[in-house]
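Written below as structure tokens is the structure these notes are about.
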Amino acid sequence: MMSVRFSPASARALACMTLSALAASASGAVFTYNPSLGSLPQAQGWDFAGSFNAPMSVSGGTLTYGATTVNGTTFWRAIQPDPIDFATETSVIEIELKLTGSDFGNFSGFRRAGFAMLLQDDAGRWIIAEIGDNRVGLGNDDNRTSDPSALFNFADGFHTVRLEAGPTGGRLYVDGTLMLSLALGGGRTGGAQSFWGDGTILANANLTEIRSVIYTPTPGATALLAAAGLVGLRRRR
């Protein structure tokens, strides 16, 4: 069989073209919030879905809002046009945040916190991360009092929280370390494919600071293959 061999420069160019095309096709599927632009999330494509517009400002690359209230909600959501299926795809939301005076506990028989991150697909599968000053939890039902949680100090500085939902269930990472895992919940209808903020009327946070939000509904496996091709090229030099 006749094989075609590319020069290293041609192969690298082809791989870069492939990655560029993939990035262009996937760019519309990624929702980001960058406070360094000096605007609120709703000015960057996020829908403010709360019932209480807590005092908020953007300065020095940080969104600062609060205090929120137990009588209302302060959160943002994103919905992309393409369907999502956690049976075959993995969605990710990653947020760099700091919390001051954020609740976490059992309120009226329900576990709730002053900050939450949710992922949901079109079949009603979902997972939620709830975060307080000193504890983080992962939940897959409305009550959540029996769902797992772990101690972590979110008041001592900014930390990166990553929530994943996919074929292997839900996973929660803090600063790159896996903290919790849980099977996905089911039967959730309506709402958003992703939201973040104070989404409950049972808990609140005195001060929430956000440096970045990245929501990737369907990370492309083909992009990873293309990236692997680039790595291979570097190794063959």
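The values are calculated or read from the model by the stated rules, or taken from the named source; none is laboratory data. Since the structure is predicted, the reported quantities are computational estimates derived from the model, not experimental observations. Note that we place each Cβ from the backbone using ideal geometry, even for glycine, and neighbour counts take in every protein chain shown. Ligands, DNA and RNA are excluded from the accessible area calculation, which covers all protein heavy atoms including side chains. Shrake-Rupley method; radii C 1.70, N 1.55, O 1.52, S 1.80 Å.
For Asn106 paired with Asn206, estimate the spin-label separation in nm (one decimal), with each label point 7 Å from Cα along the Cα-to-Cβ line.
Distance between the two pseudo-spin positions: 2.5 nm.
If you plug each phi of region 99-112 into the Karplus form 6.51 cos²θ - 1.76 cosθ + 1.60 with θ = phi - 60°, what whole-Hz ³J(HN,Hα) values come out, in order, with x for Gly and Pro?
These are the phi-based 3J(HN,Hα) values: 10, 10, x, 9, 5, 7, x, 8, 10, 6, x, 10, 7, 9 Hz.
Ignoring ligands, DNA and RNA, what accessible area per residue does region 48-201 give at 1.4 Å, in Å²? Intermediate values should be presented prior to the final figure.
On the way: 6060 Å² over 154 residues.
Each residue of region 48-201 exposes 39 Å² on average to a 1.4 Å probe.
Express in nm, to one decimal, how much length is gained between Gln42 and Asp82 on full extension, taking 0.36 nm for each residue of separation and deducting their alpha carbon distance. Walk me through the numbers on the way to the answer.
On the way: separation 40, 0.36 × 40 = 14.40 nm, distance 2.06 nm.
Fully extending the segment from Gln42 to Asp82 adds 12.3 nm.
With a 1.4 Å probe and all protein chains left in place, how much of the accessible area of region 29-150 comes from carbon and sulfur atoms, in whole percent?
Values: 2220 of 4790 Å².
Ligands and nucleic acids excluded, carbon and sulfur give 46 percent.
Go ahead and collect, in residue order, the members of region 164-203 whose backbone nitrogen is under 11 Å from a label point 7 Å along the Cα-Cβ direction of Ser51.
Once the point is set 7 Å along Cα→Cβ of Ser51, 200-202 turn out to lie under 11 Å by backbone N, inside region 164-203.
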